[in-house]
1. For segment 71-87, give me the residue count where each residue is of a type in the set (A, V, I, L, M) and touching a helix residue (DSSP H, G or I) at 6+ places or on another chain (Cβ under 6 Å).
2. Filtering segment 25-43 down to residues that are in a helix (DSSP H, G or I) and modelled with pLDDT under 85, which residue is most open to solvent (accessible area, probe 1.4 Å)?
Amino acid sequence: HWTLLSVSLLNLLLSTACSVGLALAIALTIHGRGRHLVVGCNSSALPADTRAAIVTNDCPFNTTRIYDTALALWIPSLALVVAEAVLSGRCCLVALILRGIGPCARSYSKEQVGATGLTGCPRLCC
């Protein structure tokens with residue numbers, strides 16, 4: 001139970017941090033209309049041969065679809081990481097209930113002790 005609790009709590013924290021980072025990246029990208037995605041392209045930090053190889057553009061990649069592609073990848077990723085955070089939170093709650101800690105722990109343990117077969121299956125929450 002303690003392993004489930006610690007792993008689910010760690011995953012909840014990491015998923016929450018990822019969702020905040022992705023939401024911030026999406027907000028900054030939409031606010032700046034994608035200009036921040038190609039800020040370093042005409043920089044002198046690029047290698048000389050890379051800049052010389054590109055005749056029409058100062059970027060080492062095609063910038064015509066970078067805005068749409070970034071949002072098309074980030075928005076579903078944000079939805080998935082939020083779902084992961086919710087599921088990790090529920091796993092954390094279940095681990096607390098199984099350890100006898102939390103709002104539903106007493107009713108769960110009473111139902112588990114009093115259950116005599118499939119008709120008395122315990123609920124996971126109040």
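The values are calculated or read from the model by the stated rules, or taken from the named source; none is laboratory data. Note that the structure is a prediction, hence the values are computed from the model and not measured. No Cβ is skipped: glycine too gets one built from the backbone with ideal geometry, and neighbour counts run over all protein chains shown. Accessible surface is based on the protein model in full, side chains and every heavy atom, while ligands, DNA and RNA are left aside. Shrake-Rupley method; radii C 1.70, N 1.55, O 1.52, S 1.80 Å.
1. The qualifying residues number 4.
2. Residue satisfying both the conditions and the ranking: ARG35.
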